[in-house]
Amino acid sequence: MITNLVIFAFLVGLLTGAVLVGAHSWARSLGLLMNWWKWLLSSFWYFLLLFLLFTAFTIIGEGEVAAGLKTLGFSVVLLVILGAGLARLLLTDRRRPES
Amino acid sequence: MKEKPDKKEQPCSRREFFKVGGAVAAGLQLGAVAGAGLAAGKDPSTHSGWQHLGDNTQFVDRSKLIRKGPAFHIVGEPTRTLRHESAFERQGIIMKNMQQYKDMINSFDAGEERIEGRGNMEAPDPPQGPMKYPPMDAFEEPMLSWYKDRPDLYEADKVRMEEIMPRRARDSETYKEYYTLINAWSGSWSTREPITEPPEVSDFKIGQGRKIGDPMPFKSPAHASRLIKKVAHHFGATMVGITTIEPDWHYDFGLRGSRDKGSYKIPEHWKYVIAFGIPHQWEQANSNPNMASSFDAYSRSTIAARRLETFIKSLGYPARRHSPMDGYDLIGVPYLVKAGLGEQGRHGIAITPETGANFRSAYITTNLEMEIDQPIDFGVEKFCEHCQICADLCPSGSISRAPNNHEMNHRGYRHWEINQTTCYNFWMQSLGGMGCRICLIACPYSRKANWLHTMARKADTADPTLAVAKSLTYLQKSIFDAPEAQDFLPPPDGEYANFREPPEWLDVQNYLDIEARPPRKDRMP
């Protein structure tokens, strides 16, 4: 069990690193003027996405499929609303996108 | 930054690679998290109370939960329970007064069963023909006066004997194939080992009637307590607590093994009570009330009690077990609270940090001097005041909807009280393993011990404002589907519903080559 957890944490850590590098490249490509609090807000949104997904599938795994799907539906709505706000915040102030 | 001229000619720039790689990694991460969530939800090691049976005696560090004050507040003159006041014990008196049962060979008598140490027996099916409940005047004192004070319970008993039990017999026969496996499962746990001698004799005997030896001295009461808890845990107890005897919390009749079935004095060697609990098998507990049984946890706690009793006697100390299959001389819930295993909930039973309400208890009375535990407070009292999920789901309406228990006075003590008689009446309406455990399993504290519910329970315990408790209760009621209370009843009022669908191993159609007709065609497989 512990071994599985360590392997899982290692793989998720690798993926997190790749996501961070990719996010940085996307920000430069789109010409986003990122600063520390924008990175913080973006990270918060992404980890909220992971957390809510983890929560919904935990509930489904318990056998409470209907409750899990309700949680998933609520999460999508919440994340779309927050994501739209975040996108507007990031896209309003940017330089010409780099090719 | 200017790019080198030749870089434009590359089919895939480093940045493009990172962008695509990052997007793929995000997708993989989302998939991994969803998969991990599924695994966390399914993980059988998160079945509450079954997480591990390792060296830790208890899962929760109770030292931070100790509350000030007594386990219960005395608000009147404390009295002990008389036989007719217990719905289960009263059944024996009732049957002796009913002509139809008088004619039966080996008539069932729950009170006799308990006194003879045979524990909780199921009532047999009633005899054929119409049932006629005796008029109130046919009963002798003190039951007659008690009935006159509680005519509602006379009516409830009458309904059970004239309508509910014959209907259960009929439906049990109609659907017996469908409940083949749950009946086999429930029955296989029902081993019994009667206590046939009074405490002054039986508590001092071990094995084949051999007298116990001289008591082995312990280094200190704390050492004794620590050893007993460790051993009880290895014998199968999930959580263990120790406290002192309270004479008010013992029945005032029918000491097991005693020929005198009347009132008795608490034996002098009963100085301490070891209380412990073991949860129900998780999957079948969730498919209450018809596809589940009480006897799995009854049996496990009884066997642990027999082992622990023998262990204590082997060290030279008298001991007596009080357990579901071998009977009790004491009332358990107050001892669970006083021994710090948990708090009493609205449904009248104890709620522990490890298992919620999903467990069955057993007890050992002894004179082995041990360090005692203190009552704990992890927020149950306040939580129960606003939750009411158990009261909402109780098919017999036996659980109080009062805002709190402040006005309740039960034999001199303030605590939650349910209507045991109407509760028992519903037992007799359920099929399968019989009985009802909906309040045990529907209790929010009984949810799985995975990261999600563990986090919720810890947040609730740490929050004095009740905001977390109210939010969690709202979420449970609005997100998690459950049948309506009435659905648990037999047709035509209900449909023999279960709290959750039964596990596949209790579905006869998956394993047996027989025709089985489910009582709920629209919802059962």
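Take residues that are exposed (fewer than 14 other Cβ atoms within 10 Å of the Cβ) and more than 23 Å from the chain's Cα centre (by Cα) and tell me which of the helices (runs of 4 or more DSSP H) falling wholly in segment B:419-523 contain 2 or more. It comes to B:451-462, B:467-479, B:508-511. Being hydrophobic (A, V, I, L, M, F, W, C) and farther than 20 Å from B:Ala357 by Cβ: is that true of B:Leu475 here? No, not satisfied. Just one of the listed residues (B:Thr57, B:Thr79) is at pLDDT 80 or above, out of contact with any Phe, Trp or Tyr (no Cβ under 8 Å at 6 or more places or on another chain) and β-branched (Val, Ile, Thr), and it is B:Thr79.
Screening segment B:388-417 for residues that are acidic (Asp, Glu) and in contact (Cβ under 8 Å) with a residue 24 or more places away in the chain and picking the one that is nearest to B:Gly332 (Cα to Cα) gives B:Glu417. Mind listing just one residue for me: the one in segment B:488-504 that is of a type outside the set (Gly, Ala, Ser) and more than 14 Å from chain A (Cβ to nearest Cβ) and, of those, nearest to A:Ala67 (Cα to Cα)? By that ranking, first place goes to B:Phe488. Residue-level check: of (1) more than 9 Å from every other protein chain (Cβ to nearest Cβ); (2) in contact with a Leu (Cβ under 7 Å, 6 or more places away or on another chain); (3) closer than 22 Å to B:Thr454 by Cα, A:Leu53 misses just (1). Tell me whether segment A:32-50 contains one or more residues that are in a helix (DSSP H, G or I), within 8 Å of chain B (Cβ to nearest Cβ) and in contact with a helix residue (DSSP H, G or I) (Cβ under 6 Å, 6 or more places away or on another chain). Checked against the condition, which is being in a helix (DSSP H, G or I), within 8 Å of chain B (Cβ to nearest Cβ) and in contact with a helix residue (DSSP H, G or I) (Cβ under 6 Å, 6 or more places away or on another chain), segment A:32-50 yields at least one hit. Filtering B:Tyr133, B:Tyr147 for residues that are at pLDDT 90 or above, among the hydroxyl-bearing types (Ser, Thr, Tyr), surrounded by 13 or more Cβ atoms within 10 Å (Cβ to Cβ) and in a loop (DSSP other than H, G, I, E, B) leaves a single hit, B:Tyr133.
Taking each residue of segment B:11-40 that is more than 8 Å from chain A (Cβ to nearest Cβ) and surrounded by fewer than 19 Cβ atoms within 10 Å (Cβ to Cβ) and looking for partners that are of a type outside the set (Val, Ile, Thr) and not in a loop (DSSP other than H, G, I, E, B) with beta-carbon atoms closer than 7 Å, six or more apart or interchain, yields B:Ser13/B:Lys7.
Taking segment B:306-324 as the range and being among the hydrophobic types (A, V, I, L, M, F, W, C), under 12 Å from B:Tyr363 (Cα atoms) and outside any helix (DSSP H, G or I) as the test, only B:Ala319 passes. In segment A:58-77 there is no residue matching the filter, namely being within 14 Å of chain B (Cβ to nearest Cβ), surrounded by 12 or more Cβ atoms within 10 Å (Cβ to Cβ), more than 29 Å from B:Asn450 (Cβ to Cβ) and among the aromatic types (Phe, Trp, Tyr). Within segment B:67-88, if we keep just the residues that are part of a loop (DSSP other than H, G, I, E, B) and of a type in the set (A, V, I, L, M, F, W, C), the residue that is surrounded by the fewest Cβ atoms within 10 Å (Cβ to Cβ) turns out to be B:Val75. Mind listing just one residue for me: the one in segment B:201-256 that is in contact with an Asp or Glu (Cβ under 7 Å, 6 or more places away or on another chain) and in a loop (DSSP other than H, G, I, E, B) and, of those, surrounded by the most Cβ atoms within 10 Å (Cβ to Cβ)? Ranking the qualifying residues of segment B:201-256, first place goes to B:Thr238. When B:Glu112 is tested against (1) at pLDDT 55 or above; (2) part of a loop (DSSP other than H, G, I, E, B), only condition (2) is not met. Quick one: is A:Leu69 part of a helix (DSSP H, G or I) and either within 18 Å of the chain's Cα centre (by Cα) or modelled with pLDDT under 95 (or both)? It is false that A:Leu69 is part of a helix (DSSP H, G or I) and either within 18 Å of the chain's Cα centre (by Cα) or modelled with pLDDT under 95 (or both).
Of all residues in segment B:331-346, those satisfying the criterion of being among the β-branched types (Val, Ile, Thr) and either surrounded by fewer than 24 Cβ atoms within 10 Å (Cβ to Cβ) or assigned to a loop (DSSP other than H, G, I, E, B) (or both) are B:Ile331, B:Val333.
The values are calculated or read from the model by the stated rules, or taken from the named source; none is laboratory data. Predicted model, so just to flag it, every value in this text is computed and none were measured. All Cβ positions, even for glycine, are placed from backbone atoms using ideal geometry, and neighbour counts span all protein chains on display.
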